[in-house]
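In what follows, a structure is listed as C-alpha cells, so that the remarks can point back to it.
Nothing in this text is a laboratory measurement; each read-out follows from the coordinates by a stated rule. On a predicted model such as this, the values are computed, not experimentally measured, just so you know. All Cβ positions, glycine included, derive from the backbone under ideal geometry; neighbour counts span all protein chains shown.
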Amino acid sequence: MKWRDILDRESVLAPLLLLPVVLYVLFFVGFPFIMSFVYSFSNITVGNPDFKFIGISNFTDLIQDRIFLKSLANTFIFTFVSIGLVVILSHILAEILIREFKGKWIVRFLVMMPWTAPIALGTIGYLWFLDSLFSPIDWLLRRLGLLGKPGAVLGPMSNMYWLGIPELAMASVILVHVWRLLPLGTVILIAGINSIPKEITEAAQVDGAGYFRRLFHINIPLLFPVIGVTVLFSTLFTFTDMTVVWVLTKGGPPSHSTQVLASLAFLKGIQGGDLAQGAAIALFFFPVLAGLAAIVLRLAKKAVVI
C-alpha cells in the first residue's frame, strides 16, 4: 500500500516514467555525440588507437577536400528537393484520403506500407526497378515508344541506366527517399487538416470561396505549424539518412555524384578506418540541424500566435 501511495504522487511517477527516455538519450545519443566531438579533434584511427589532440586540423582538411564539398552540396540538394516533393505530394494525398470513397482503407494501407517496411528491404527492391538491364520501368518505356528507337522522346538507347548516369542517379535516390518519407508527411497533414474547425470551411463555402481560394487563404495558413513539423522531421530524417544512397549507389556513380555527408562519414570513418575524419564529418550535421530546427519552430510559433 505504501508503494502504491508513493507511485500515485505526480512528483514521483513523472520522473519514473521519463527515466527510460532519459537513459536512452544519454547512452545512445549523448555518449556517442560526446565521443564524436572528442574524436573530431584527434588523430585516432582503427589502426592507431593512440589518442593525440590535433586541434581543428580535421575540419580544415575537410574544407579543402573536394569530395567533402561535393558531398555537402549533394546533401543540401538531396534534402531540400526531397522535402519540397514530400510537402507537396503529402498534401495532395492528405486531401484525397480525408474524403470518403470505396476502398479507402486499402489506399491508406498502401500509402503507409513504405513507412512500415524496413527501409533497406524497400530500397533493395528498387535496385531491381532501376536495374541497368532488366528494369521494368525501361521495359514499360520501350513498350510505350518513349525509349529504344530513333526519334524516341527519351532517346534511342535501350535502357535509361538510372544508377549509372550522375543526374539520373541523384534523381533516383531522391525519388526513392520521397517514397519512404511520404507516409509520415501524409499522416501528419491528415491530422492537421482534421483539426481545422469545420465551421471555418463551411463559412468560406457559403461565401462562395472555391477550392483553391480555401486552400491558399484558409487551409495552408492554418496548417503552417503542421507543415513546419513535417519539414522539420523530414529534414532530420533526410539530412542524416544514408541507407537509400548506400544501398542504391554507394555514393557513385564515379566522382561521388550521389555522395552525401552521412554516407561519406561512414565511408571514411567505418570502412576507411579514419575515426577522427568520420567524426568531423558527422559533426557538420549538428549546427545545420540545430539552426534549422530553431528557425522552423520559431516560424511555427509565430504562425500559431497570429
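Brief remarks follow.
- Residue separation of Trp105 and Asn48 scaled by 0.36 nm, minus their Cα-Cα distance, works out to 14.9 nm of gained length.
- Peptides 286-298, 21-33 ranked from most to least packed give 286-298, 21-33, packing being the mean of other C-beta atoms within 10 angstrom over each peptide's residues.
- Under 5 Å, built H, 5+ apart or other chain: amide partners of Ser42: Ile54
- Taking packing as the residue-averaged number of other Cβ atoms within 10 angstrom, the listed peptides 117-126, 52-61, 238-247, 266-275 run from highest to lowest as 238-247, 266-275, 117-126, 52-61.
- The shape of region 122-161 can be summarised by an equivalent ellipsoid whose semi-axes, obtained from the alpha carbon gyration tensor, come to 21, 8, 6 Å from longest to shortest.
- Computed from backbone phi, the HN-Hα couplings of region 89-102 come to 5, 5, 5, 4, 5, 4, 4, 6, 6, 7, 8, 8, 7, 5 Hz, rounded to whole numbers (Karplus: 6.51 cos²θ - 1.76 cosθ + 1.60, θ = phi - 60°; Gly and Pro given as x).
- The label point for Ile92 and the one for Phe134, both projected 7 Å from the Cα toward the Cβ, are 3.1 nm apart.
- Rounded to 0.05, the FRET efficiency of the Ile67 and Ser195 pair, given R0 = 51 Å and the Cβ-Cβ distance, is 0.65.
- Geometric extent, Cα atoms of region 1-129 - Rg, Dmax (angstrom): 24.3, 67
- The string of couplings for region 242-259 from the Karplus curve (6.51, -1.76, 1.60, θ = phi - 60°) is 10, 4, 4, 5, 5, 5, 7, 10, 6, x, x, x, x, 6, 6, 5, 10, 5 Hz, one whole number per residue in order, with x for Gly and Pro.
- Region 187-232 and region 31-99 have Cα centres spaced 34 Å apart.
- For region 170-297: rounded, prolate or oblate by the Cα gyration tensor [a/c cutoff 1.5]: prolate
- Alpha carbon Rg of the chain, scaled by the compact-globule rule 2.2 N^0.38 Å: 1.24
- The Cα trace of region 206-277 gives Rg and Dmax of 20.5, 66 Å, the first to one decimal, the second as a whole number.
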